[in-house]
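Encoded as structure tokens, the structure appears first; notes follow it.
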Amino acid sequence: MASFSENRISQQALACLLPHYPFFCHRGMAFPCLCTPSPRHIPEINFDGLFSHPQHFLLAGRKRRRSKTSNYLISLDPTDLSRDGDNFVGKVRSNVLGTKFTIFDNGVNPERKNFVPETDRIREELGAVCYETNVLGFRGPRRMTVIIPGIDAQNRRISVQPLNEQESLLSLLQHGVNQGVILLQNKAPSWSDESGAYVLNFHGRVTRASVKNFQIVHPDDPDYLVLQFGRVAPDTFTMDFRFPLCPLQAFAICLSSFDGKLACE
């Protein structure tokens, strides 16, 4: 298949989708990006190679303090990372153990006390990520399962707006429901005697070993890379993705990899 350096989105196409890009996904287009955690460990995303002078900022994430579980806000503006700000587009929330993460858009939680059905838009679930310890133990890479809403015949994302936990994507995954959703998994790396580590072929897009490096594929087609993330410098990662993921989903999945997982490490 084509690598992420091929079929990358054009300048003209990017200009057309910018007003909607956090939720945009286009079949056949590849999105090479650069992820650079700030000195305060706030990952930010810039398109890499599309506009080199300057690179175009896309999304920023901030880990919320004083939350019972890990909770990341995602914004269109790195200077406006407020839950109530106009640039707030989504969030990522983990369970207590830090092994399961849910990705939401900027809608309202229907279980909030001040929720007003007549005026508030119920939030959509854009995905969920589950981490497990590899059967090889601590020496092996973590296993990842990603579940996202399915795509209809018009290439539009199917809306998932659960009213409670029983209708959530994680609940669907737990009960083996696969209708209307897409299940993705991380690609299993192979052991390299030469490097003494588990390795993946990133086709030059990742140059440094890291436990955060991963590739996400469809189980029915392990050669179709949906998302890959990996270190290229001490504080720089590449994040490349393609259909059926949108920028917000891809960034949120990568944000989850920065979080400590008590049950997996």
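For this structure, a couple of remarks:
Let's see how each residue does on (1) part of a loop (DSSP other than H, G, I, E, B); (2) under 20 Å from D240 (Cβ atoms):
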position	(1), (2)
Q161	yes, no
L173	no, no
E194	yes, no
Y198	no, yes
N201	yes, yes
G204	yes, yes
K212	yes, yes
L227	no, yes
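- Of all residues in region 54-101, those being in a loop (DSSP other than H, G, I, E, B), out of contact with any Gly (no Cβ under 9 Å at 6 or more places or on another chain) and farther than 17 Å from M239 by Cβ number 18.
- Check on E125, touching a strand residue (DSSP E or B) at 6+ places or on another chain (Cβ under 7 Å), at pLDDT 95 or above and among the charged types (D, E, K, R): yes
- None of S171, S190, S159 is under 22 Å from L225 (Cα atoms) and either among the basic types (K, R) or surrounded by fewer than 17 Cβ atoms within 10 Å (Cβ to Cβ) (or both) except S190.
- Considering only residues in region 45-98 that are hydroxyl-bearing (S, T, Y) and either at pLDDT below 80 or over 22 Å from L34 (Cβ atoms) (or both), the one that is surrounded by the most Cβ atoms within 10 Å (Cβ to Cβ) turns out to be S94.
- Residue match in region 153-171 (condition: in contact (Cβ under 8 Å) with a residue 60 or more places away in the chain and in contact with a helix residue (DSSP H, G or I) (Cβ under 8 Å, 6 or more places away or on another chain)): yes
- Residue check, G176 exposed (fewer than 13 other Cβ atoms within 10 Å of the Cβ) and of a type in the set (G, A, S): yes
- Any hit, region 242-264, residues being modelled with pLDDT of 90 or more, over 14 Å from I103 (Cα atoms), hydrophobic (A, V, I, L, M, F, W, C) and touching a Ser or Thr at 6+ places or on another chain (Cβ under 7 Å): no
- Within region 66-85, the residues that satisfy the criterion of being out of contact with any Asp or Glu (no Cβ under 9 Å at 6 or more places or on another chain) and of a type outside the set (S, T, Y) are R66, K68, N71, L73, I74, L81, R83, D84.
- Any hit, region 230-243, residues being of a type in the set (S, T, N, Q), closer than 14 Å to V146 by Cα and not in a loop (DSSP other than H, G, I, E, B): no
- Any hit, region 251-261, residues being touching a residue at least 12 places away in the same chain (Cβ under 8 Å), touching a helix residue (DSSP H, G or I) at 6+ places or on another chain (Cβ under 9 Å) and surrounded by 13 or more Cβ atoms within 10 Å (Cβ to Cβ): yes
- When residues in region 102-128 are screened for being part of a loop (DSSP other than H, G, I, E, B), crowded, with 16+ Cβ neighbours inside 10 Å and not acidic (D, E), 2 of them pass.
The values are calculated or read from the model by the stated rules, or taken from the named source; none is laboratory data. Fair warning: this is a prediction, and the values are worked out from it, not measured in the lab. With ideal geometry, Cβ positions are generated from the backbone for all residues, glycine too; neighbour counts draw on all protein chains shown.
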